[in-house]
Amino acid sequence: MADSVAGVVLAAGAGTRLGPLTRLRPKALCPVGNRPLVDHALDRLAPVTSDRAVNVHHGRRAMEAHLTGSAPGDPPHVSAEEGEPRGTAGALGVLRDWIDGRPTLITNADAWLRTDLVAFAQGWDGERVRLLCVADAARGDFGPLRYCGVALMPWSEVGRLGPEPAGLYEASWAAARLAGALDLVVHEGPFVDCGNPADYLAANLAWSGGPSVIGADARVAEGSEVVRSVVWPGAEVGAGERLVDAIRAGPLTVLVR
């Protein structure tokens, strides 16, 4: 699809529930499998479109520095939201001129999942909002299905969104749901919403298949033990320490119980 589809990574959130990790870096820069979440999101979009944007607000300077210098592929368009954050719908409203009439493939930076978005986009009718969901009756957004952070929206929906703060469900998807115009696709693979430390740890262990994830330049002393844990790049585990179900991030240790 090259650049006939606009790709947008939503990455402006404050990450309050992921604290205290987000005191050290923006949520979208927290690593899963030693790579920032935003890089995983950009990789998801890359097979479908080469034209990608990332909205930023919280941690703006760190996000901009990463996106212009370290993110994979060609630098994405950076949409810096001034003043208050605009929410998921307002983010697209700010980007409306950049999107410029194209259908838009959206993914949340804080969603970790393995999926083929080429397959997700194939067969789309170009008219209905298509959402990727997982079966999760306990936390379902649409009956027994839970939204898992990927959406494909036609310009007819995106083009009417304004830059004022609003969410996509309230501004678009709720009405489409009532009209029977939502196209819900079930994702069968792993998915974790990295909203809190427990889920963030779960995403890393899902990435690794179970073993602890140790940052490339982390220092783990001989005689220490690291079990089902994450050690960020640059962090240290001292001799005799035992980390179990924990996240070591710089000077912080977050225990997940």
Exercise for the section: Quick one: Debye curve from the alpha-carbon atoms of the chain only, equal weights, vacuum; give me log10 I(q)/I(0) at q = 0.10, 0.12, 0.13, 0.14 Å⁻¹ to two decimals. Expected result: -0.50, -0.71, -0.82, -0.94
Exercise for the section: Would you give the gap between the C-alpha center of segment 131-207 and the C-alpha center of segment 48-62, rounded to a whole Å? Expected result: 19 Å
Practice task
Treat every Asp and Glu Cβ in the chain as -1 and every Lys and Arg Cβ as +1, leave all other atoms uncharged, and give the resulting dipole magnitude about the Cα centre to the nearest 20 debye.
Solution key: 480 debye
Practice task
Subtracting the Cα-Cα distance from 0.36 nm times the residue separation, let me have the gained length for Asp141 to Arg219 in nm, one decimal.
Solution key: 23.9 nm
Exercise for the section: Pairs of Cα atoms under 8 Å, at least six residues apart: use those to get the relative contact order of the chain, whole percent. Expected result: 19 percent
Practice task
Provide the net charge surrounding Pro75, with neighbours chosen by a C-beta distance below 14 Å and charges set as Lys +1, Arg +1, Asp -1, Glu -1.
Solution key: -3
Exercise for the section: State the extension gain, in nm to one decimal, for the chain segment bounded by Asp245 and Ser4, taking 0.36 nm per residue of separation less the distance between their alpha-carbons. Expected result: 82.4 nm
Exercise for the section: Return the calculated 222 nm mean residue ellipticity for the chain, to the nearest 500 deg cm²/dmol, obtained by summing -39500 (n - 2.57) across DSSP H runs with n ≥ 4 and dividing by the residue count. Expected result: -5500 deg cm²/dmol
Problem - Spatial separation of Cα centroids for segment 109-129 and segment 237-257, in angstrom - result: 36 Å
Exercise for the section: Considering only Ala138, Ala12, Ala62, give the residue with the highest GNM mean-square fluctuation for the chain, with springs between Cα atoms whenever their separation is below 10 Å. Expected result: Ala138
Handout entry: Beta bridge orientation in the chain: antiparallel %, DSSP, nearest 5
Key = 40 percent
Fill in the blank from the handout: Among segment 161-178, those whose backbone N falls under 17 Å of a label point 7 Å along Cα→Cβ from Asp97 are 161-164
Problem - Cα shape, segment 211-255, gyration tensor, a/c 1.5 rule - result: rounded
Practice task
Just grab the label-to-label distance for Tyr169 and Ala80, each label 7 Å out from Cα along the Cβ direction, in nm (one decimal).
Solution key: 3.2 nm
Completion exercise
Computed from the beta carbon distance with a Förster radius of 51 Å, FRET efficiency for Trp155 and Leu24 to the nearest 0.05 stands at 0.85
Handout entry: Mean Cβ neighbour count within 10 Å, used as a protection proxy, ranking 24-35, 139-150, 73-84 highest first
Key = 24-35, 139-150, 73-84
Exercise for the section: Quote the relative contact order of segment 186-257 in percent (integer), defining contacts as alpha-carbon pairs under 8 Å separated by 6+ residues. Expected result: 24 percent
Handout entry: Additional length obtainable on full extension of the chain from Glu236 to Thr253, 0.36 nm per residue less Cα span
Key = 5.1 nm
Exercise for the section: Report, for segment 211-255, the % of DSSP beta bridges that are antiparallel, rounded to 5. Expected result: 30 percent
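Read-outs: derived from the displayed coordinates by stated rules, not from any lab. Just so we're clear, the structure is a prediction, and the values are computed from it rather than from any experiment. Cβ coordinates were reconstructed from backbone atoms using ideal geometry, including for glycine residues, and neighbour counts include every protein chain displayed.
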